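To keep things clear, I will list the structure first and then write my remarks on it.
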Amino acid sequence: MKKIVITGGAGFIGSHVVRRFVNRYPDVQIYNLDALTYAGNLENIKDIQDMPNYTFLKADITDADVINELFDKYKFDGVLHLAAESHVDRSIKDPLAFVKTNVIGTMNLLNAFKALWKDNFEGKRFYHISTDEVYGSLGAEGLFTEETSYDPNSPYSASKAASDHFVRAYGETYGMPYVLTNCSNNYGPYHFPEKLIPLFINNIINNKPLPVYGDGKYTRDWLFVEDHAVAIDLVFHEGKNHETYNIGGFNEWQNIDLVKLLCTIMDKKLGRDEGTSEKLITYVTDRPGHDLRYAIDATKINKELGWKPSVTFEQGLERTIDWFLNNQEWLDSVTSGDYQKYYDNQYSVSK
Ligand code: NAD
Ligand code: DAU
């Protein structure tokens, strides 16, 4: 039986990828390797935890000995690497944590994979899941293509850029078969409520302020998470070795317009008067080094692999909001403890 390890499978995107792979590939053994940091939650994949082709491995990718032992024991044919510290604001407060997990952690996986297969990489694959933030910030015009130079601005994006470079370097230097994708902002069920959309949904439900950074005129390109999981499946199975693919939603929104749309939909769903939630909008101190605009040109993956988003933003947002409204226990459980401390600290300094 083929063995695939998915790192970060208890996180937001990873949980959708694990679910898809476990359900779609019953003849493949899927290992979910995750340290269960504040962002990892086994509740996210409860529905597939008893499937015969699923195994959970609690492990920290920063621990080289543990990672080498696991690769030696299970002899994974394929790696889908999603484990990361993923929140830009946290990276501004603690950059080293991002170097440890995103750079050293990736190095440990690359080294373990290389040690296992270096004599014959035939049929093996290391897939590194990365972000569009490595390209830096766009002005009002233009799109990120696979040829855009790296120009990261935050400690998060710098650490992801470094990990991307190491993956490519292992491909060039050791002939390691890899694929790499750079994706735009995801949203959907199980999104951790420190990120814009789930944070604001949670705050609207609880009548708490909606902290919009700066003037709110920053632009992101939003993609429904299940469409990202489809793209990841496609690239893992059909992408060309040593290639990068950009993945995006063809769906740009200025933050303030997106927040207003969220408020309108939520007012309707919660039976509140029109305009109620908009009153919660509060402009706060900007994020340092805030990238103005991200937008992906996803022509390559569309032309070569036939991928495109399957849901419109309106459909995806509706499904996301409904999921959060129907899963308030999940929301409550993840918005306690460590997260609460982070939240208090993050927003106590805002004006
Ligand atoms: P997330 O923060 O929701 O989940 C990260 C997961 O990694 C968690 O389950 C956590 O427990 C695990 N993890 C963290 N440190 C670990 C360690 N040292 N060892 C083992 N496991 C560890 O992240 P996400 O938003 O699902 O992002 C997943 C990946 O996709 C990341 O690599 C991120 O850079 C990339 N990405 C995210 C987005 C997005 O919009 N969220 C967009 C493009 C790319
Ligand atoms: O582009 C892909 C990236 O998208 C991923 O690599 C990251 O892991 C992911 O976190 C996301 O990064 P962003 O910084 O774009 O996402 P975030 O949800 O943190 O912020 C989205 C926008 O909303 C950004 O312009 C900052 C703004 N914002 C965010 C928060 C949390 C606010 O105005 N207020 C907030 O409270």
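Some observations on this one:
- Qualifying residue in segment 250-259 (condition: over 25 Å from S137 (Cα atoms) and assigned to a helix (DSSP H, G or I)): no
- Selected residue [over 30 Å from I256 (Cβ atoms), within 16 Å of ligand 1 (Cβ to nearest atom) and in contact with a strand residue (DSSP E or B) (Cβ under 7 Å, 6 or more places away or on another chain)] from F166, F113, F200, F144: F113
- Looking across segment 224-270, just one residue is in contact with a Gly (Cβ under 8 Å, 6 or more places away or on another chain) and free of Cβ contacts under 8 Å to residues at least 24 places away in the same chain, and that is D267.
- All conditions in (1) under 12 Å from the mean Cα position of the chain (by Cα); (2) more than 15 Å from ligand 1 (Cβ to nearest atom); (3) not polar (S, T, N, Q) hold for I205, with the sole exception of (1).
- P193 being surrounded by fewer than 22 Cβ atoms within 10 Å (Cβ to Cβ), modelled with pLDDT of 95 or more and of a type outside the set (D, E, K, R): yes
Residues checked against (1) over 16 Å from V212 (Cα atoms); (2) out of contact with any strand residue (DSSP E or B) (no Cβ under 7 Å at 6 or more places or on another chain); (3) among the aliphatic types (A, V, I, L, M):
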{"residue": "L262", "(1), (2), (3)": "no, yes, yes"}
{"residue": "G271", "(1), (2), (3)": "yes, yes, no"}
{"residue": "I301", "(1), (2), (3)": "yes, no, yes"}
{"residue": "W307", "(1), (2), (3)": "yes, yes, no"}
{"residue": "E314", "(1), (2), (3)": "yes, yes, no"}
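- Of the helices (runs of 4 or more DSSP H) that lie entirely inside segment 124-242, those containing 3 or more residues that are under 26 Å from Q254 (Cα atoms) and near ligand 2 (Cβ under 9 Å from one of its atoms) span 155-174, 196-205.
- Extreme residue, surrounded by the fewest Cβ atoms within 10 Å (Cβ to Cβ), among residues of segment 1-35 that are outside any loop (DSSP other than H, G, I, E, B) and among the hydroxyl-bearing types (S, T, Y): Y31
- Only residues that are aromatic (F, W, Y), touching a helix residue (DSSP H, G or I) at 6+ places or on another chain (Cβ under 8 Å) and modelled with pLDDT of 95 or more were counted in segment 294-351, giving 3.
- Residue in segment 47-63 that is among the acidic types (D, E) and within 16 Å of ligand 2 (Cβ to nearest atom) present: no
- For segment 77-123, residues that are of a type outside the set (D, E), assigned to a loop (DSSP other than H, G, I, E, B) and under 20 Å from G9 (Cβ atoms) total 5.
- Top-ranked residue in segment 252-296 [being in contact with a Cys (Cβ under 9 Å, 6 or more places away or on another chain) and of a type in the set (S, T, N, Q); ranked as farthest from ligand 1 (Cβ to nearest atom)]: T276
- Filter result for N102 (over 26 Å from V225 (Cβ atoms), within 24 Å of the chain's Cα centre (by Cα), modelled with pLDDT of 95 or more and near ligand 1 (Cβ under 10 Å from one of its atoms)): no
The values are calculated or read from the model by the stated rules, or taken from the named source; none is laboratory data. Model, not experiment: these values are computed from the prediction. Don't worry about glycine lacking a Cβ; one is built from the backbone with ideal geometry, like all the others, and counts go over all protein chains shown.
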